[in-house]
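The values are calculated or read from the model by the stated rules, or taken from the named source; none is laboratory data. Here the structure is a predicted model, which means the values were calculated and not measured. Note: ideal-geometry Cβ built from the backbone for every residue, glycine included; neighbour counts use all protein chains shown. For the accessible areas, the whole protein counts, side chains as well, though only heavy atoms, and no ligand, DNA or RNA atoms are used. Shrake-Rupley method; radii C 1.70, N 1.55, O 1.52, S 1.80 Å.
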Protein chains: 2
Amino acid sequence: METQYKEKTFFTSKDLALSVIGGRWKIAIIWCLLQQSPLRLSEIQKYLPDVNQRMLIRQLRELEEDKIITRYVYPVVPPKVEYELGEIGLLLEPVVTSICDWGDNFREYLEKDVNKNQLNKI
Amino acid sequence: METQYKEKTFFTSKDLALSVIGGRWKIAIIWCLLQQSPLRLSEIQKYLPDVNQRMLIRQLRELEEDKIITRYVYPVVPPKVEYELGEIGLLLEPVVTSICDWGDNFREYLEKDVNKNQLNKI
DNA sequence: CGGTATCCAGGATGATACTG
DNA sequence: CAGTATCATCCTGGATACCG
């Protein structure tokens, strides 16, 4: 999902939000930066081993473009770059928290379901 | 994004949640069903005119598979099908709400930004 | 270290037409 | 109405090579 709000004029709040945070790995990236901040690219990669580097960088760039995160480049050798949530990015904490909470509920729900099925087999 | 939790063994809560609700239009669909329920396919399409029918149906099927929504088929002519959030799907309300709230914040943030840029031009 | 460039493959998404 | 089938396109992922 690409950033689109610059080209469109009308958006509901959910459409606007989803156009920014709906990308494949964006919530995961924001989750990382809520755990620890700032983070270097290599550190984000440790948090998210399933994301390949190219995709990770793409999503980071898009988040940067939308001012969700800030990218700090230190002019040193070897290069050092740090990522950090910006003002509006930090406000995503309730979104990430509610998603994680629901994930917990869903896990319990799945386990209840497993138990039910096992009972049915008796 | 496809449902994956059936094949994988280890998941953080966020990964589990995202594997279920991370699909391109799933949050939007859930948003619809929180506005009004039950809904027929054609009604969801009115809520979400940007989603093509094939994709909408796919995402509905995946959500059904994961027990987030329930699909009721009435054996009438012409066909009548209704969609409704299930027990665990209803618990997604805080997720959708927090996303909408953030969207509002982001919109304000963008407008502040526009004003700043206009001031800079003076 | 933190990228970019390229190629290739597969899956996700979209547009359109068609059907029971 | 609620889909399915088909075809085209875009997004994503993996591997690799290379650079400042």
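Listed values, structure above:
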item	result
Whether the protein assembly as shown is rounded, prolate or oblate, judged on the alpha carbon gyration tensor where a/c under 1.5 counts as rounded	oblate
Gyration tensor verdict on region B:3-121 (Cα atoms; rounded if a/c is under 1.5, prolate if a/b is larger than b/c, oblate otherwise)	oblate
Across the identical copies, how the residue B:77 labels are spaced - nm, sorted shortest first, 7 Å along Cα→Cβ	8.0
Efficiency of FRET from Cβ geometry, residue B:42 and residue A:46, R₀ 41 Å, rounded to 0.05	0.30
Lysine pair number, Cα distance threshold 22 Å (strictly under), chain B, separation 8 or more or different chains	13
Accessible area buried between chains B and A, both sides summed, probe 1.4 Å, in Å² to nearest 100	3600
7 Å along Cα→Cβ, label-point gaps from residue B:110 to other copies, nm, shortest first	3.5
Cα-projected label distance for residue B:105 with residue B:12, points at 7 Å along beta-carbon direction, nm	2.0
7 Å along Cα→Cβ, label-point gaps from residue B:43 to other copies, nm, shortest first	4.9
